[in-house]
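Have a look at the structure below, then the notes.
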Amino acid sequence: MSADGSDDDTSRSAAATAELAALREGLSRPLPELDARYFYDDRGSALFEKITELDEYYPTRTEVSILESHAHEIMRDAGARSLVELGSGAGRKIRLLLDAWPSRDDGGRCVMLDVNESFLASSVRALSDRYPRCSFGGVVGDFTKDLARVTAPRPTLTVFFAGTVGNLHPDARERFFSTLAAAMAPGDSFLLGVDLVKDRAKIERAYNDRHGVTADFNKNALRVVNERFGADFDESAFEHRAFYDELEQRIEMRLRAVRECSVSIAAIDWRRSFAVGDEIRTEISCKFTRESISRSLATASLDVRGWHTDPEGLFALAHCWRRA
Ligand SMILES: C[S@@+](CC[C@H](N)C(=O)[O-])C[C@H]1O[C@@H](n2cnc3c(N)ncnc32)[C@H](O)[C@@H]1O
């Protein structure tokens, strides 16, 4: 599925080669690392939906409550003719913006972008059924590489929910902001959901739920890498670990070997032995203050002009425009 209905084989094969190189580079670090996108096959996306319903997992319900309070103001300020959601997943939060959007039934277009093709297809279908007078499209792609493949009438409001931006390391985050800002026309805006710095125990509880759903989600990355790249990770040889690094202001999710094992991925000529206690980093989730995210956005000339948060200051939506 693509916005314009075409797919370029050459660029797809270049992207696949680059992905293999990045996978090898990440796994070859002293602390091996997997990109957070590898959580998300259909099972991983369904597990994430389960996480969003857990008592401990405050980000989703808090972000939804902010949208419930501020959707009209956001859509009025955006004055958008199109909506684009990056990393759209089940596409539930966007409904709150669609419900508050005057142009929705009057030539409005909404494009969703996600790596998980089947989840994307079903969320686009569900939205089309719910809002029959709005036009919907889907782009299967990577939000760090494929922004140029999204086309939509201007002005566009691009939204990026769930604090997913926190999964990017600072240099990759700033590259992402720069690419996004370069693609923005005057009048376009960007709505960014960020999880805020807070009490360590509250953050750690959110990533260590008592039902073990986050642990299953974390280990799902190994299953995805096995299936997609022919790796031979044994999930049972690893346990879930998540902790808050106060200095870096981020959660780290890791998988720690509970017994000696050796893993190989022929497709990238990679092999490694894990001793008990050796770890793989599967996700970082950076937390922000208003100042720190504003600083990071400002590196790409993006100014925060709207700041919407909840009464406890757990989560925020930053509404940004490119500086003229
Ligand atoms: C944390 S979930 C958020 C889902 C939804 N936006 C929400 O707010 O509940 C992250 C979503 O981003 C997608 N995703 C992760 N990495 C991605 C990437 N590099 N490019 C595109 N989509 C990605 C996943 O498939 C998943 O649907």
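The values are calculated or read from the model by the stated rules, or taken from the named source; none is laboratory data. All of these numbers come straight from a predicted model, not from anything done at the bench. Glycine also receives a Cβ, built like all others from the backbone with ideal geometry; neighbour counts cover every protein chain displayed.
Taken together, Leu180, Leu192 contain a single residue that is at pLDDT 95 or above, in a helix (DSSP H, G or I) and in contact with a Phe, Trp or Tyr (Cβ under 8 Å, 6 or more places away or on another chain), which is Leu180. Checking the structure you have, find out if any residue of the range 98-106 is part of a helix (DSSP H, G or I), within 9 Å of the ligand (Cβ to nearest atom) and within 20 Å of Phe160 (Cα to Cα). No. Scan the range 30-54 and report the pairs whose first residue is free of Cβ contacts under 8 Å to residues at least 60 places away in the same chain and whose second residue is more than 12 Å from the ligand (Cβ to nearest atom) and in a helix (DSSP H, G or I), with Cβ atoms within less than 7 Å and a gap of 6+ or a chain change. So the pair list comes out as Asp35/Gly26. Would a scan of the range 92-104 turn up a residue that is crowded, with 22+ Cβ neighbours inside 10 Å and in contact with a strand residue (DSSP E or B) (Cβ under 6 Å, 6 or more places away or on another chain)? Looking through the range 92-104, at least one residue is crowded, with 22+ Cβ neighbours inside 10 Å and in contact with a strand residue (DSSP E or B) (Cβ under 6 Å, 6 or more places away or on another chain).
Take the residues in the range 123-146 that are part of a helix (DSSP H, G or I) and touching a residue at least 12 places away in the same chain (Cβ under 8 Å), then tell me which one is surrounded by the fewest Cβ atoms within 10 Å (Cβ to Cβ).
The first filter runs over the range 123-146 and keeps only residues part of a helix (DSSP H, G or I), leaving 123-130.
Subset that is touching a residue at least 12 places away in the same chain (Cβ under 8 Å): 123-124, 126-127, 130.
Values: Ser123: 23, Val124: 21, Ala126: 15, Leu127: 22, Arg130: 13.
The qualifying residue surrounded by the fewest Cβ atoms within 10 Å (Cβ to Cβ) is Arg130.
Within the range 251-294, track down each residue that is surrounded by 13 or more Cβ atoms within 10 Å (Cβ to Cβ), aliphatic (A, V, I, L, M) and not in a strand (DSSP E or B). Val258, Ala267, Ile268, Ile293, listed by residue number. For the range 107-121, what are the residues that are crowded, with 19+ Cβ neighbours inside 10 Å and away from the ligand (no atom under 11 Å from the Cβ)? If the condition is that a residue be crowded, with 19+ Cβ neighbours inside 10 Å and away from the ligand (no atom under 11 Å from the Cβ), then Gly108, Arg109, Cys110, Val111 are the ones that fit. Of everything in the range 123-146 that is of a type in the set (D, E, K, R) and away from the ligand (no atom under 11 Å from the Cβ), the residue that is farthest from Lys287 (Cα to Cα) is Arg133.
Would you check if Arg223 is buried (at least 20 other Cβ atoms within 10 Å of the Cβ) and not polar (S, T, N, Q)? Spelling it out, it is not the case that Arg223 is buried (at least 20 other Cβ atoms within 10 Å of the Cβ) and not polar (S, T, N, Q). Within the range 19-29, being within 14 Å of the ligand (Cβ to nearest atom) and either without any contact (Cβ under 8 Å) to a residue 12 or more places away in the chain or buried (at least 20 other Cβ atoms within 10 Å of the Cβ) (or both) holds for Glu19, Leu23, Gly26. For the range 147-172, the set of residues classified as part of a loop (DSSP other than H, G, I, E, B), crowded, with 19+ Cβ neighbours inside 10 Å and within 16 Å of the ligand (Cβ to nearest atom) consists of Val150, Phe161, Ala162, Gly163, Leu168, listed by residue number.
Residues in the range 36-85 that are charged (D, E, K, R), over 21 Å from Gly138 (Cα atoms) and either in contact with a Cys (Cβ under 7 Å, 6 or more places away or on another chain) or surrounded by fewer than 20 Cβ atoms within 10 Å (Cβ to Cβ) (or both): Lys50, Glu53, Asp55, Glu56, Arg61, Glu68, Glu73, Arg76, Asp77.
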